[in-house]
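K.L.:
Right, I'll just put the structure down here and ask away after.
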There are 2 protein chains.
Amino acid sequence: MQRYKCIISYDGTQFAGYQVQPNKRTVQGEVEKALRKLHKDMDVKVSASGRTDAGVHARGQVIHFDSPLKIPLEKWEVALNTLLPEDIAIIHTEMAADDFHARFDAKGKEYRYFVYRSLQRSPFKRNYAYQYPYSLDIKKVNEAVPFLIGEHDFTSFCSAKTDVVDKVREIRKIEVVEEGDMLIFRFVGNGFLYNMVRILVGTLLGVGAGDISPGSIPDILEKRDRVYAGKTAPAQGLYLWEVHY
Amino acid sequence: MQRYKCIISYDGTQFAGYQVQPNKRTVQGEVEKALRKLHKDMDVKVSASGRTDAGVHARGQVIHFDSPLKIPLEKWEVALNTLLPEDIAIIHTEMAADDFHARFDAKGKEYRYFVYRSLQRSPFKRNYAYQYPYSLDIKKVNEAVPFLIGEHDFTSFCSAKTDVVDKVREIRKIEVVEEGDMLIFRFVGNGFLYNMVRILVGTLLGVGAGDISPGSIPDILEKRDRVYAGKTAPAQGLYLWEVHY
């Protein structure tokens, strides 16, 4: 048996999320189906760095699996890409130590969120960014950012639908980049709770729109209650960008 | 009755092309369906600057239609966009003269074709560019371009599946732009034959790949036979960019 680590990219539009669910098209389901074909009907379990929700994209999700097949490394990518649907691509494959784990060994992650600032809807961006037609004060958004950096209990920025008990996470970096009519949020941290990036974006947009004051972020964190943070920004703007080991 | 001229944009991925066909999802079909709803079940015929094939996109297709409704101009866009599916957007609406015709009054068109030069397939570009993993000599491509500029009989660059008799067209401009891993072809002309842009791109890629010599373009034109030009590049890289009046 050899453990393999792969970086995969997927367009989340047509998936019910990463994780296998009965009768739903999922990323894990499609990858395991491709591996099953390659292994002549043997089940191969795939583990990822974490789940992504329906509609959420990945530029660099990381998975691992074990295989008894003696396929040269450079052939894995071609073999798997041939068997995978067009909306999933294997970007990189490498041999990993037997005890490597895509989820438990992850030291950090980067997510990016794309906001399309336009009054005009775009058929080309509808599944790949969140169209936001209202005005935003980016200076205020940047004033709110430092309050979120560092180690905090992010209960207020986590969906209530979670089993995770320890809600303390460290955000290492938040960058707000304007590129033409795109506003891009970069989040780097040691880990993110369920819906955390989308609630952070919704809250920062609320700050930019003038509905939430930058200085109220410490209070929102302090409350440890989801109702005090902003809206959950929609799935299609979110990309799991990179996993750090 | 008032004639309206609209600029529309669509993602061609999920359409069987622009023109209405029985039991197929088409752009014209969806626009006429939206107009029918707005006109309380009255049929409203839509005319476009020209057809686009299945999978071909439009940034600036132009259509016209007549309506007895007294809707202020600024409301048309909102009303239609509300009724249209997400993959079609009305970008601009204006009142037109009674004799304006989207097709017959068009003085020229710009098409763009996007080639994604990468060995790695991209789930995000698969429907929006043509992935081309082979090497290209862009200098050679640019040597071939001048032979195509001007008025020519483009029979060799036209699909045999056409009823058009006069195959003389004028290409005013061809630009080849490299932007990172994207190669973008811009074609401006007074009109384009069926599959003409896709055959031009396939031929220019053939030149870049070394399969066709730049100097053989005049011969290919001279032959007036489709078999002498290059392959038809796939639909998903093509965009009807702008129509000039």
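K.L.:
Please report the base-10 log of the normalised intensity I(q)/I(0) for the protein assembly as shown, using a Debye sum with one equal scatterer per alpha carbon and no solvent, at each q in 0.05, 0.12, 0.14 (1/Å).
P.N.:
Listed by q, the Debye log ratios stand at -0.25, -1.18, -1.33.
K.L.:
To continue, here is another question. Restricted to Cα positions, what overall size does the stretch B:108-244 have along the principal axes? Three whole-Å values, descending.
P.N.:
Over the stretch B:108-244, Cα extents along the principal axes are 41, 31, 25 Å.
K.L.:
Okay, next question. Considering every residue in B:79-85, what mean count of other chain Cβ atoms within 10 Å of its Cβ is obtained?
P.N.:
Numbers: counts 0, 0, 2, 0, 0, 2, 1.
The mean count of partner-chain Cβ atoms within 10 Å per residue comes to 1.
K.L.:
Under the definition of Cα pairs under 8 Å and six or more residues apart, what whole-number percent is the relative contact order of chain B? Intermediate results must be reported in sequence, preceding the final value.
P.N.:
Details: 533 pairs, mean separation 59.7, N = 245.
RCO, chain B: 24 percent.
K.L.:
Still on this structure: When Lys and Arg each count +1 and Asp and Glu each count -1, what net charge do the other residues less than 11 Å away from B:Gly50, Cβ to Cβ, add up to?
P.N.:
Details: positive: B:Arg51, B:Arg103, B:Lys109; negative: B:Asp53.
With Lys, Arg at +1 and Asp, Glu at -1, the neighbours total +2.
K.L.:
Can you compute the equivalent ellipsoid semi-axes for the stretch B:2-96, i.e. the square root of 5 times each eigenvalue of the Cα gyration tensor, sorted largest first and rounded to whole Å? Kindly include the intermediate steps, with their values, before the conclusion.
P.N.:
Values: eigenvalues 84, 39, 27 Å².
Ellipsoid semi-axes (Å, largest first): 20, 14, 12.
K.L.:
Using protein chains only and a probe of 1.4 angstrom, how many square angstrom of B:Trp241 are accessible, to the nearest 10?
P.N.:
Spelled out: B:Trp241, probe radius 1.4 Å, area about 40 Å².
K.L.:
Would you kindly find the accessible area of B:Glu242, with a 1.4 Å probe and non-protein molecules such as ligands, DNA and RNA excluded, rounding to the nearest 10 Å²?
P.N.:
Number for this one is 80 Å².
K.L.:
For each pair in B:Lys161/B:Lys231; B:Lys45/B:Lys75; A:Lys5/A:Lys75; B:Lys5/B:Lys70; A:Lys140/A:Lys167; A:Lys107/B:Lys125, compute the distance between the two Cα atoms and list the pairs where it is over 24 Å. Each step should come with its number before you reach the end.
P.N.:
Values: B:Lys161/B:Lys231 15 Å; B:Lys45/B:Lys75 20 Å; A:Lys5/A:Lys75 14 Å; B:Lys5/B:Lys70 15 Å; A:Lys140/A:Lys167 26 Å; A:Lys107/B:Lys125 30 Å.
Pairs exceeding the cut-off: A:Lys140/A:Lys167; A:Lys107/B:Lys125.
K.L.:
Same structure, new question: Which percent, to the nearest 5, of DSSP beta bridges fully inside the stretch A:108-244 are antiparallel? Could the numbers behind the result be given before it?
P.N.:
Values: 26 of 28 bridges.
Within the stretch A:108-244, antiparallel bridges account for around 95 percent of the total.
K.L.:
Follow-up. Average partner chain C-beta neighbours within 10 Å, per residue of B:9-18? Kindly include the intermediate steps, with their values, before the conclusion.
P.N.:
Details: counts 5, 2, 6, 1, 2, 1, 0, 0, 0, 0.
Average neighbour count from other chains, rounded to a whole number: 2.
K.L.:
Also: Using a 10 Å cut-off around each Cβ of peptide B:122-130, what is the average number of partner chain Cβ atoms that fall inside? Write out the running numbers ahead of the final one.
P.N.:
On the way: counts 6, 17, 11, 1, 4, 4, 2, 0, 0.
For this peptide, the per-residue mean of nearby foreign Cβ atoms is 5.
K.L.:
Using a 1.4 Å probe, what is the accessible area per residue for the stretch A:48-95, in Å²?
P.N.:
On the way: 2050 Å² over 48 residues.
Heavy-atom accessible area per residue stands at 43 Å².
K.L.:
Something else: Between copies, how far does the label point of A:Ile184 sit from its twins, in nm, shortest first, when each point is 7 Å from Cα along Cα→Cβ?
P.N.:
Result for A:Ile184, in nm, nearest copy first: 1.6.
K.L.:
Which value, in Å² rounded to 10, gives the accessible area of B:Arg186 with a 1.4 Å probe and all protein chains present?
P.N.:
Here the accessible area works out near 50 Å².
K.L.:
Please work out the Cα center distance from the stretch A:29-85 to the stretch B:194-245, rounded to the nearest Å.
P.N.:
The stretch A:29-85 and the stretch B:194-245 have Cα centres spaced 38 Å from each other.
K.L.:
Using only the Cα atoms of chain A, construct the convex hull and provide its projected area averaged over every direction, in square nanometres to one decimal.
P.N.:
On the way: hull surface 55.6 nm².
Averaging across all directions leaves 13.9 nm² for the Cα convex hull.
K.L.:
Given labels modelled 7 Å from the Cα in the Cβ direction, how far is it in nm from B:Glu151 to A:Lys37?
P.N.:
Between B:Glu151 and A:Lys37, the label points sit 5.3 nm apart.
K.L.:
In addition: From the protein chains alone at 1.4 Å, what is the descending order of accessible area for A:Asp87, B:Asp41, largest first?
P.N.:
Numbers: A:Asp87 5, B:Asp41 130 Å².
Ranking A:Asp87, B:Asp41 by accessible area, largest first, yields B:Asp41, A:Asp87.
K.L.:
Please identify the GluC sites (Glu not before Pro) of the stretch B:144-228 that satisfy two criteria: DSSP loop assignment and at most 16 other Cβ atoms within 10 Å. Which are they?
P.N.:
Numbers: sites: B:Glu151, B:Glu170, B:Glu175, B:Glu178, B:Glu179, B:Glu222; in loops: none.
Qualifying residues, ordered by number: none.
K.L.:
Place the label 7 angstrom along Cα→C-beta at B:Lys40 and in each other copy, then list the distances from the first to the rest in nm, shortest first.
P.N.:
Listed shortest first, these distances are 7.0 nm.
The values are calculated or read from the model by the stated rules, or taken from the named source; none is laboratory data. In this text the structure is predicted, and so the values were computed from the model without any measurement. As a convention, Cβ positions derive from the backbone with ideal geometry for all residues, glycine included, and neighbour counts pool all protein chains shown. For the accessible areas, the whole protein counts, side chains as well, though only heavy atoms, and no ligand, DNA or RNA atoms are used. Shrake-Rupley method; radii C 1.70, N 1.55, O 1.52, S 1.80 Å.
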